[in-house]
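To start, the structure itself, in structure tokens.
The values are calculated or read from the model by the stated rules, or taken from the named source; none is laboratory data. Everything quoted here is computed from the prediction, not taken from an experiment. Because the Cβ atoms are built from the backbone with ideal geometry, glycine has one as well, and the counts that use them run over all protein chains shown.
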Amino acid sequence: SLEMSPYGFYRSSWGLELCCISAVDCFALISGYVGVNSSSKITGIVKLWMQVFFYSEILTIVYALISKDFNLIHFIKAAFPVIFNQYWYFTVYFVVFFFTPFFNIVVNNLEQKGLQRLVGSIVIFFSILPLLCPKVNPGGYSVAWISLMYVVGACIRKNRKFNRKINKWIFVWSICIILNYAGFCEGIISMSTALSYTSPLVLFAAISLFKIFESVTIKQDAVRKVIIYFLRSSFSAYLLHTHPLLYAYFFDSVNVLKYLMGGIALYVALVIVCAVLVFITSVLIDKGRLIFFKLCNIEGLVVRITELIVTLKGKLKY
């Protein structure tokens, strides 16, 4: 039966993947939404780099201990996470960060119609058109695409046209997921397109999902505090579970889940529970990292590094 067949597990696995694939675009949209009204400070990117460096090295040590593979190259790559692209999203965002002041100037000086036209142009030329002409596709893993998502997020913040009722955004998100999944299962949409961050269905799903959560108002202080508690460590959760060496080492263990218990429904539930547990565990680990950083006065180190960068930047002007 389909319930226990490999094909059934295959379809359910990709169904989960397609529901979550828009998360990367969401991250970039949030960056633009938050960043358009704030100034880009060097301190912020230095803090992020220190965080990435810490986890990159610590997790490389963990990998070496459990795999007994002590390779010096691994530690050198971990020491330079941006240069060696240890985490592709951070590498891309690191570059995008230095262009955000210029993006903000453009968005903040556009009128409402101009913002709508800018978003429309991005969707048409960099999301829809690439389906017909792949050569113009900026690539979802590129500086160009994350920059465009930053701009779209900034435009959403500034444009009132996006302020629709939550039920409309839920409808749009549902349609995007259903069409993407159905098209993929029927062979109408290729795997590469269905899982592409630049795909129109993935893009509109990301925008809709972002607007759904933006529309939610949480009045209970206790709930707000819990959300903020986890939110502050969400980036670390990404760093912890996508470390390139450990991810490859543990990847096959995910497939074992389908053999533990019978039934696709139980398999899907187990995957979701495991994902939640990984996230919660990662957040708790990061709270320990924050204590360690405080004890070591990493904040002071960040300030000194920032001052050094600003000093060098000033000298380069001459």
Please go through the range 92-111 and give me each residue that is buried (at least 20 other Cβ atoms within 10 Å of the Cβ) and aliphatic (A, V, I, L, M), ordered by number. VAL92, VAL96, VAL107
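Yes/no matrix, rows are residues, columns are (1) at pLDDT below 95; (2) under 15 Å from SER22 (Cβ atoms):
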site: ILE122; (1), (2): no, no
site: TYR150; (1), (2): no, no
site: LYS168; (1), (2): yes, no
site: ILE175; (1), (2): no, yes
site: ALA206; (1), (2): no, yes
site: PHE213; (1), (2): yes, yes
site: VAL216; (1), (2): yes, no
Looking at ALA205, ALA222, which is the one that is under 18 Å from ILE146 (Cα atoms) and in a helix (DSSP H, G or I)? ALA205
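Where residues in the range 231-242 are part of a loop (DSSP other than H, G, I, E, B) and out of contact with any Phe, Trp or Tyr (no Cβ under 7 Å at 6 or more places or on another chain), which of them is modelled with the lowest pLDDT?
Out of the qualifying residues, it is ARG232.
Quick grid of which residues meet (1) under 23 Å from the mean Cα position of the chain (by Cα); (2) modelled with pLDDT of 95 or more; (3) of a type outside the set (S, T, N, Q):
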residue	(1), (2), (3)
ASN85	yes, no, no
PHE94	yes, yes, yes
ASN109	no, yes, no
PHE126	yes, no, yes
PRO130	yes, no, yes
GLY153	yes, yes, yes
At least 1 residues that are under 30 Å from ALA182 (Cβ atoms) in each: list the helices (runs of 4 or more DSSP H) lying fully within the range 1-116 that qualify. 6-20, 23-35, 88-97
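Yes/no per residue for (1) within 16 Å of VAL92 (Cβ to Cβ); (2) free of Cβ contacts under 8 Å to residues at least 12 places away in the same chain; (3) touching a Lys or Arg at 6+ places or on another chain (Cβ under 6 Å):
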{"residue": "VAL106", "(1), (2), (3)": "no, no, no"}
{"residue": "ASN109", "(1), (2), (3)": "no, yes, no"}
{"residue": "GLN112", "(1), (2), (3)": "no, no, no"}
{"residue": "LEU115", "(1), (2), (3)": "no, no, yes"}
{"residue": "ILE122", "(1), (2), (3)": "no, no, no"}
{"residue": "PHE125", "(1), (2), (3)": "no, yes, no"}
{"residue": "LEU129", "(1), (2), (3)": "no, yes, no"}
{"residue": "LEU132", "(1), (2), (3)": "no, yes, no"}
{"residue": "ILE146", "(1), (2), (3)": "yes, no, no"}
When the residues of the range 125-136 are filtered to those that are surrounded by fewer than 18 Cβ atoms within 10 Å (Cβ to Cβ) and in contact with a helix residue (DSSP H, G or I) (Cβ under 8 Å, 6 or more places away or on another chain), which remaining residue is nearest to ALA206 (Cα to Cα)? ILE128
